[in-house]
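> Got a structure here, written out as structure tokens. Questions coming.
The values are calculated or read from the model by the stated rules, or taken from the named source; none is laboratory data. Bear in mind that the values here come from a model prediction, so they are computed numbers and not experimental data. Please note: Cβ atoms are built from the backbone with ideal geometry, for glycine as well, and neighbour counts cover all protein chains shown. With ligands, DNA and RNA removed, areas are computed over all heavy atoms of the protein, side chains included. Shrake-Rupley method; radii C 1.70, N 1.55, O 1.52, S 1.80 Å.
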Amino acid sequence: MDNPHAHHHDNGPPPPHAGGGGGPMHHGPPQQQALGRGAAQPPQPQQLPPQMFTTAAQLLDLTDKKLLVILRDGRKLTGILRSWDQFANLVLQSTVERIFAHTSEPDAPQPQGYYADETHGIYLVRGENVLLLGEIDLDKDDDVPAGFEKGDFKTVEKLAKERKAAEKVREKGRLKKLASLGFEGENMGEIIL
């Protein structure tokens, strides 16, 4: 038995004590005997975190299914999960990136704007960049997002970038006002400069 975690099931006599002579006989797992003799323990294999196994099991269930993957930078991808590894790196087939350009105000009850799709084909996504992923309901896959109209990718991308730049300016002004009132927050020094 090469497994150090396996229990000693042999009914024969255990090995003699480390003195070489007829010292006391120890009954029990060999690991306990080694501890009594001061023998060095073999290095234990590194334990993987429990979430690693739940992630792997969930990805196994999602293999060959159409997924929506949202990345940390905000990009939204849809594609068929074909492969993955222990780091949750994903290989998507028939990948499409969808972008949205909102024309309504952020606090509007029903967002409105434009959306566009760009086909990427086979796409490798690094696992640490995945914010969220989930299976797409194929019955609703072709539905147009409520309140949005399909547009040209370059035009919608330009609108989205303009909107994001305007929000950044508005956020910078808000943080400056908070700083003038004595509030400090993350990256406050960078924003004010």
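> Consider the range 176-191. How many of its residues are modelled with pLDDT under 85, assigned to a helix (DSSP H, G or I) and not small (G, A, S)?
The total comes to 3.
> Report every pair of residues separated by at least 6 positions or lying on different chains whose Cβ atoms are under 8 Å apart, first residue within the range 134-150 and within 26 Å of L90 (Cα to Cα), second among the basic types (K, R) and part of a strand (DSSP E or B).
The qualifying pairs are E135/K66; I136/K66; L138/K66; D141/K66.
> May I pose another question? Could you run through the range 80-118 and say how many residues are open to solvent by 50 Å² or more (accessible area, probe 1.4 Å) and at positive phi?
So the count comes out to 1.
> For the range 119-131, how many residues are open to solvent by less than 100 Å² (accessible area, probe 1.4 Å) and either part of a loop (DSSP other than H, G, I, E, B) or of a type in the set (A, V, I, L, M, F, W, C) (or both)?
Result for the range 119-131: 2.
> What are the residues in the range 134-162 that are open to solvent by less than 100 Å² (accessible area, probe 1.4 Å) and of a type in the set (A, V, I, L, M), if any?
I136, V144, A146, V156, L159, A160
> Here is a further query. Under the condition of being modelled with pLDDT of 90 or more and of a type in the set (A, V, I, L, M), which residue from the range 27-83 is farthest from the chain's Cα centre (by Cα)?
Among those residues, the one meeting the criterion is I80.
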